[in-house]
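Let me begin by handing over the structure; questions about it come next.
Throughout, read-outs are computed from the coordinates displayed, never taken from laboratory work. This structure is a prediction, so every number in the text was calculated from the model and none was measured. Cβ atoms come from the backbone with ideal geometry, glycine included; neighbour counts cover every protein chain shown.
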Amino acid sequence: MTKLNVPDMSCGHCTAAIEKAIGNLDANAVVNTDLETKSVEITSSLSEDVIIQTLADEGYPATVA
Ligand SMILES: [Cu+2]
């Protein structure tokens, strides 16, 4: 499980975009977003580096929590 801080995640559109981007790469990924803490927990076969790069490409820079 990878836990990330995603400070620019601010609404349902953001969480949907993040879930979709990860889901496009790993259909079996489990993505739990939390707007209150601006954090995302991802359980996936994707590497942490790939996940962070994917979120950055979507416009959501992320750091490991
Ligand atoms: Cu948003």
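When segment 9-41 is examined, which residues are found to be under 14 Å from THR63 (Cα atoms), assigned to a loop (DSSP other than H, G, I, E, B) and either of a type in the set (S, T, N, Q) or in contact with a Cys (Cβ under 7 Å, 6 or more places away or on another chain) (or both)?
Answer for segment 9-41, where residues must be under 14 Å from THR63 (Cα atoms), assigned to a loop (DSSP other than H, G, I, E, B) and either of a type in the set (S, T, N, Q) or in contact with a Cys (Cβ under 7 Å, 6 or more places away or on another chain) (or both): just THR37.
Across segment 1-17, what is the number of residues that are out of contact with any helix residue (DSSP H, G or I) (no Cβ under 6 Å at 6 or more places or on another chain) and either within 13 Å of the ligand (Cβ to nearest atom) or among the acidic types (Asp, Glu) (or both)?
Qualifying residue count for the region: 11.
I would also like to ask the following. What pairs come out if I take residues in segment 18-34 that are touching a residue at least 12 places away in the same chain (Cβ under 8 Å) and pair them with residues that are among the polar types (S, T, N, Q) whose C-beta lies under 6 Å away, six or more apart or interchain?
Sorted first by the residue in segment 18-34, then by its partner, the pairs are ALA21/THR54; ASP26/SER44; ASP26/SER45; ALA29/SER44; VAL30/THR43; THR33/THR15.
To continue, here is another question. Could you pull out the residue among ALA27, ALA65 that is more than 16 Å from the ligand (Cβ to nearest atom) and in contact with a Lys or Arg (Cβ under 7 Å, 6 or more places away or on another chain)?
Checking each option against the conditions leaves just ALA65.
Mind listing just one residue for me: the one in segment 36-51 that is polar (S, T, N, Q) and exposed (fewer than 13 other Cβ atoms within 10 Å of the Cβ) and, of those, nearest to SER10 (Cα to Cα)?
Ranking the candidates gives THR37 first.
Would you confirm whether or not segment 25-38 contains a residue that is touching a helix residue (DSSP H, G or I) at 6+ places or on another chain (Cβ under 7 Å) and not hydrophobic (A, V, I, L, M, F, W, C)?
Yes; the residues of segment 25-38 include at least one that is touching a helix residue (DSSP H, G or I) at 6+ places or on another chain (Cβ under 7 Å) and not hydrophobic (A, V, I, L, M, F, W, C).
Which pairs have Cβ atoms under 6 Å, sit 6 or more apart or on different chains, and link a residue in segment 53-65 that is over 15 Å from ILE42 (Cα atoms) to one that is hydroxyl-bearing (Ser, Thr, Tyr)?
Final answer for the pair search is none.
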